[in-house]
Amino acid sequence: MNHGSGYQADRCAPVSPFARIFTITDPDVGAIENTDNNLLMGATALPMTETPPVSGFRTAFALGTFQAADDVDYWRFNAEAGDRVTIRLETANGNIYPYVYLRNAADSNVVSPQTRESALGQIQDAVIPSPGTYYVRVWSEHGASPYSMRVDQARGMQLEVEANDTQAAASALALKLSGGVISGRVGAAFADGRFFGGLFLDGHGECGQHHHGHA
Ligand SMILES: [Ca+2]
Ligand SMILES: [Ca+2]
């Protein structure tokens with residue numbers, strides 16, 4: 001068979017269809033967005049995991065993509081009244097200025113975007129007003145980018161508030177004195193590029209003599 005270009009198709013050896021098999025797995029304590037999450041009802045569940053167990057500190061990691069400008073993604077988690085929540089979203093690309101909202105089951109804002117930087121959107125230390133399912137709504141009108149997001153949820157403890165990288169900017173510990181014991185509990189996180197690790201501290205002292213904690 002002559003295609004007019006001197007190309008002799010019938011002399012080509014048969015070839016197998018090209019195939020590439022790959023697997024996507026969730027990161028530890030993480031989730032990848034579903035593909036139909038533009039509205040509250042399609043929100044991807046955040047796998048909030050209490051770590052350490054029975055600590056009251058829950059955290060989840062999520063991976064998503066702003067497919068294009070104005071792609072909206074909803075994520076959801078359950079919370080109790082008084083829980084404190086910090087949400088940090090980092091985009092792979094710059095000049096995205098992502099919006100991060102905390103919304104309730106009626107799809108109303110509980111917290112409006114606080115920090116919007118080129119590759120960062122953040123809400124810190126938000127207080128949950130009543131028990132229920134809460135939603136993180138994220139988007140940007142500035143373009144496409146993969147993003148990673150960490151959600152920390154603290155119950156019965158305080159959360160650090162960035163920026164607290166210097167002594168002068170230290171988060172104030174809410175210490176309690178009870179029966180001669182001073183104690184405080186705080187949830188915090190180390191940011192390391194696009195990935196994060198939750199951190200939980202629990203310390204107490206007796207008359208200032210003993211201190212211990214674990215992370
Ligand atoms: Ca998306
Ligand atoms: Ca979406």
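The values are calculated or read from the model by the stated rules, or taken from the named source; none is laboratory data. If you're wondering where the values come from, they're calculated on a predicted model, not measured in any experiment. Glycine gets a Cβ as well: all are built from the backbone with ideal geometry, and neighbour counts include every protein chain shown.
Scanning region 144-158 for residues that are within 20 Å of S118 (Cα to Cα) and part of a strand (DSSP E or B) gives S145, P146, Y147, S148, M149, R150, V151. Answer yes or no: is there a residue in region 116-125 that is modelled with pLDDT under 80 and surrounded by 13 or more Cβ atoms within 10 Å (Cβ to Cβ). No: region 116-125 contains no residue that is modelled with pLDDT under 80 and surrounded by 13 or more Cβ atoms within 10 Å (Cβ to Cβ).
The residue pairs whose first member lies in region 99-111 and is part of a loop (DSSP other than H, G, I, E, B), whose second member is of a type in the set (F, W, Y), and whose beta carbons are closer than 8 Å, counting only pairs six or more residues apart or on different chains, are N104/Y134; N104/Y135; A105/Y134; A105/Y135; D107/Y135.
Of everything in region 63-82 that is under 15 Å from L102 (Cβ atoms) and of a type in the set (A, V, I, L, M, F, W, C), the residue that is farthest from ligand 1 (Cβ to nearest atom) is A81.
A single member of S108, S118 is more than 13 Å from ligand 1 (Cβ to nearest atom), of a type in the set (S, T, N, Q) and within 22 Å of G42 (Cα to Cα), and it is S108. Residues in region 129-143: is at least one in a loop (DSSP other than H, G, I, E, B) and of a type in the set (A, V, I, L, M, F, W, C)? The answer is no; no qualifying residue exists. Is region 128-140 home to any residue that is among the charged types (D, E, K, R), surrounded by fewer than 17 Cβ atoms within 10 Å (Cβ to Cβ) and within 16 Å of ligand 2 (Cβ to nearest atom)? No, region 128-140 contains no residue that is among the charged types (D, E, K, R), surrounded by fewer than 17 Cβ atoms within 10 Å (Cβ to Cβ) and within 16 Å of ligand 2 (Cβ to nearest atom). Looking at S55, S118, which is the one that is more than 14 Å from the chain's Cα centre (by Cα), within 18 Å of L159 (Cβ to Cβ) and touching a residue at least 24 places away in the same chain (Cβ under 8 Å)? None of the other options fit; the residue is S55.
Got a number for residues in region 118-128 being more than 12 Å from R103 (Cα to Cα) and outside any strand (DSSP E or B)? Number of matching residues: 2. Apart from one condition, I24 fits all of (1) at pLDDT 80 or above; (2) within 16 Å of ligand 1 (Cβ to nearest atom); (3) closer than 23 Å to N93 by Cα; the exception is (1). Report yes if I96 is buried (at least 18 other Cβ atoms within 10 Å of the Cβ), over 18 Å from A45 (Cβ atoms) and not charged (D, E, K, R), otherwise no. Against the criterion (buried (at least 18 other Cβ atoms within 10 Å of the Cβ), over 18 Å from A45 (Cβ atoms) and not charged (D, E, K, R)), I96 qualifies.
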